[in-house]
Amino acid sequence: MAKRMRRFLLAIPALCLSAFATVAATLDTIAERGTVRIGYIADQAPFSSGKPGAEPAGYAIDLCRKIADEIEHQLPQLRREYVETTLADGFDAVKNAEIDLLCGSITVNLERREIVDFSQPIFLTGASALLRKDSPSYLQTLFLDGPAVQAVSERVATNIIGMRANTTTAATLREALAIQESETKLTDFSTHEDGLKALEDRKIDAYIADQALLISLAKRARDPSSLTVGDRMFTHEPYAIALRRNDADFRLLADRALTDFYMSDDLLPLLESYFGAEAPTLHTQIIMQHVP
C-alpha cells in the first residue's frame, strides 16, 4: 500500500507538467515553426472558399486572419500558411496539430467537442432547403412560409433529398427519418456544387444545407431565377472556429481577437460585403452572443 502511495505522489508532478505543456502547446508549436496554419474548406462560400493559385476568401477566413493578427503581436515574424482540408478530415487535422485554426461554416456540437475546442460564436444560422420552383408541393409547404411558388404536380417524381456528407444537417435528417416511416430517400454529395447540379438536373427534389450556404449556392446556379431558398429553418447551427482542445490560453487569445473586432466599426461593413441586406440583423445577433 505504501509503495503504491509513493508511486501516486511521484506521478502528480509529472501529470501537472504534462497538463501545463498541453495548455501551452498551440502557441509553442506556432513559435517553433514560425507559421500559423489556417485550415479551410474550399466549398463553403461565403464562409470559406478557395481557387487554385490564390489565397482562400470568406467571412470565416477574414476572422481567422484577425486571430492571426493577434498572434503576430506576440510573434512579430509570423508567417501564414493556408491549408485546404475537408469537413471529414478537418477536425482530426486540428487535433493532430496539422492545422491551428479550422475556418468555415463549422457548427459547434458536443460530438465535435470531443475532438476539438471552439472559439466564441462567429455566426448563427439553421438548416433549410434549396428548391426548384417546380419542386413538389409538399416540399414547398414544408420549407416555405408562403404558398407554393407556382402550381406544380402533386406527384412526387423522385422523392429524394440531397445533402452534403459528414455535416450536422445530414446527421439530423437521418435521425429524423429513422424514427418515422417515410418513403423519402437521402443521398450524400461530396460538395455543395455537386448537390446543386443534381437539383438542377432533376436528380433530387431538394438540397438541404444551412440557409446561409444555400443563399450563396443559389446565386451560383445556371439559372438562379429557377430556384428558391426555404425561409423555414429546422436546426440550430452556431458556427465557430475550431481550435485544439485543452488550450485555454490559445482560446482566450482567439476570443479576445474576435471580441476586439466585433466591437470595432469594421464588423458591419464586413458583414455587408458577404451578406448584403441581412447584415444589420446578423450584426445584432453576433453582438448579443459575443464574449465581452
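What follows draws every value from the coordinates through simple rules; no lab data is involved. Keep in mind that what you see is a predicted model, and the values were worked out from it rather than measured. Neighbour counts run over all protein chains shown; Cβ positions are idealised from the backbone, glycine included.
Projecting label points 7 angstrom from Cα along Cα→Cβ for Lys185 and Thr35 puts them 4.5 nm apart. Close amide H contacts of Phe118 (hydrogens built in the peptide plane, cut-off under 5 Å, sequence separation of 5 or more or a different chain): Leu243.
Amide H contacts of Ile106: Ala240, each under 5 Å away and 5 or more positions distant or on a separate chain (H built 1.01 Å from N in the peptide plane; Pro and chain starts excluded). Modelled this way, with points 7 Å down the Cα-to-C-beta line, the labels at Leu110 and Arg232 are 2.7 nm from one another. Electrostatic bookkeeping for Phe47 treats Lys and Arg as +1 and Asp and Glu as -1; over the other residues with beta carbon under 12 Å from its beta carbon, the sum is -4. The length gained by stretching the chain between Asp69 and Ala248 to full extension, at 0.36 nm per residue less their Cα-Cα distance, is 62.6 nm. Peptide packing for 32-40, 76-84 was compared via the average number of neighbouring C-beta atoms within 10 Å per residue; ordered from the highest value, the list is 32-40, 76-84. Label-to-label distance for Asp201 and Asn166 is 2.2 nm, based on points extended 7 Å past Cα in the beta-carbon direction. Using θ = phi - 60° in the Karplus curve 6.51 cos²θ - 1.76 cosθ + 1.60, the 3J(HN,Hα) couplings for segment 56-69 round to x, 9, x, 4, 5, 4, 4, 5, 4, 5, 5, 5, 4, 4 Hz; x is entered for Gly and Pro. In plain terms, the chain from Glu98 to Leu142 could stretch by 11.7 nm, reckoned as 0.36 nm per residue minus the Cα-Cα distance. Exposure proxy ranking for Lys197, Lys203, based on other Cβ atoms within 10 angstrom of each Cβ and starting from the fewest, stands as Lys203, Lys197.
Among residues other than Pro292 with Cβ under 14 Å from its Cβ, the summed charge is -1 (Lys and Arg +1, Asp and Glu -1). For segment 124-141, the Karplus equation 6.51 cos²θ - 1.76 cosθ + 1.60, evaluated at θ = phi - 60°, returns couplings of 9, 8, x, 7, 9, 10, 9, 10, 6, 6, 10, 4, x, 4, 5, 6, 5, 5 Hz by residue, with Gly and Pro reported as x. Once the chain from Gln285 to Lys133 is taken as fully extended at 0.36 nm per residue, the excess over their C-alpha distance is 51.7 nm.
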